[in-house]
Amino acid sequence: MAGKSDRLLRSNPVHKKVPVLLHDGRPVYESLIILNYLDDAFPDTPSLLPSDPYERSQARFWADYVDKKVYDCGTRLWKLKGEPHAQARAEMLEILKNLDGALGDKLFFGGDVFGFVDAAFAPFTSWFHSYEKYGEFSVAEVAPRVAAWAKRCGERESVAKSLYSPDKIYEFIGVLKKMHGVE
Ligand SMILES: N[C@@H](CCC(=O)N[C@@H](CS)C(=O)NCC(=O)O)C(=O)O
């Protein structure tokens, strides 16, 4: 399979996708399952999920929303033209507004602490610049609280260390467009 390493194909033979966490030589895949695994495997460190059952259900709902919606819709933004592109743009604006509402006036989706939804959504902050270019909108205008949250996330060492720069992501999308024959 072009562009996919043997290690990825061996580690995630079913979906053949990233991310894959290799812990003690064993693969864990699907980002939300990885986050749950981290909570389970490191019980002595602060949990990403809140302890209150209702709050847990809400965190799971929004993380699942991010997982199902953001990457897929973002891909349609750079891949499609015309009406399907306009639909993807409208959907991305709705997604960002919904997430802005879920964040509300909290510092993080997890409240005062960086939690489950923050960890699920933070990787996409590097893609915002490309979404803005391909969608011709401004995250700060559509979802100002999400834009401020993205900046706060970027100030965290753990996030800053793990993300590619927005320019690198834009460049990467250029490579993907060539691979998919998108003009
Ligand atoms: N629900 C999966 C989505 C994984 C996913 O879509 N990964 C993309 C990159 S972010 C990928 O590996 N794409 C390559 C492909 O589809 O072949 C997760 O969150 O782990």
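Using 0.36 nm per residue and subtracting the Cα-Cα separation, the extra length available between SER138 and VAL14 on full extension is 41.0 nm.
Of all trypsin sites (Lys or Arg not before Pro) in the stretch 39-82, which ones are in loop regions per DSSP and have a Cβ with at most 11 other Cβ atoms within 10 Å?
Within the stretch 39-82, the qualifying trypsin sites (Lys or Arg not before Pro) (loop, at most 11 other Cβ atoms within 10 Å) are LYS81.
Each Lys and Arg contributes +1 and each Asp and Glu -1, all at the Cβ; summed about the Cα centre of the chain, the dipole is approximately 740 debye. Given the options ALA140, PRO166, LEU48, identify the residue whose Cα lies farthest towards the positive end of the charge dipole of the chain (+1 on Cβ of Lys, Arg; -1 on Cβ of Asp, Glu). Comparing the listed Cα positions along the dipole, PRO166 ranks first. For the stretch 53-179, the fraction of 1.4 Å probe accessible surface lying on carbon and sulfur atoms is 55 percent.
Cross-link partners of LYS151 among aspartates and glutamates, defined as those whose alpha carbon lies under 18 angstrom from its own and excluding same-chain residues fewer than eight positions apart: ASP100, ASP105, ASP112, ASP118, GLU132, GLU141, ASP167.
Here's the picture: charge each Lys and Arg Cβ at +1 and each Asp and Glu Cβ at -1 in the stretch 8-119, and of GLN58, ALA102, ALA88 the one pushed furthest to the positive end of that dipole is ALA88. Which of the aspartates and glutamates could be linked to LYS16 by a straight reach, that is with a Cα gap under 14 Å, when you skip same-chain ones fewer than 8 residues away? List returned: ASP6, GLU30.
Set the Förster distance to 41 Å, then compute FRET efficiency between ALA86 and TYR37 from the Cβ-Cβ distance, nearest 0.05. Each step should come with its number before you reach the end.
Details: r = 39 Å, r/R0 = 0.95.
That pair, ALA86 with TYR37, gives E of 0.60.
The values are calculated or read from the model by the stated rules, or taken from the named source; none is laboratory data. All values derive from a computational prediction rather than experimental measurement. Methodologically, a virtual Cβ is constructed for each residue, glycine included, from the backbone with ideal geometry; neighbour enumeration extends over all protein chains shown. Surface accessibility is based on the protein's heavy atoms, side chains included, excluding ligands, DNA and RNA. Shrake-Rupley method; radii C 1.70, N 1.55, O 1.52, S 1.80 Å.
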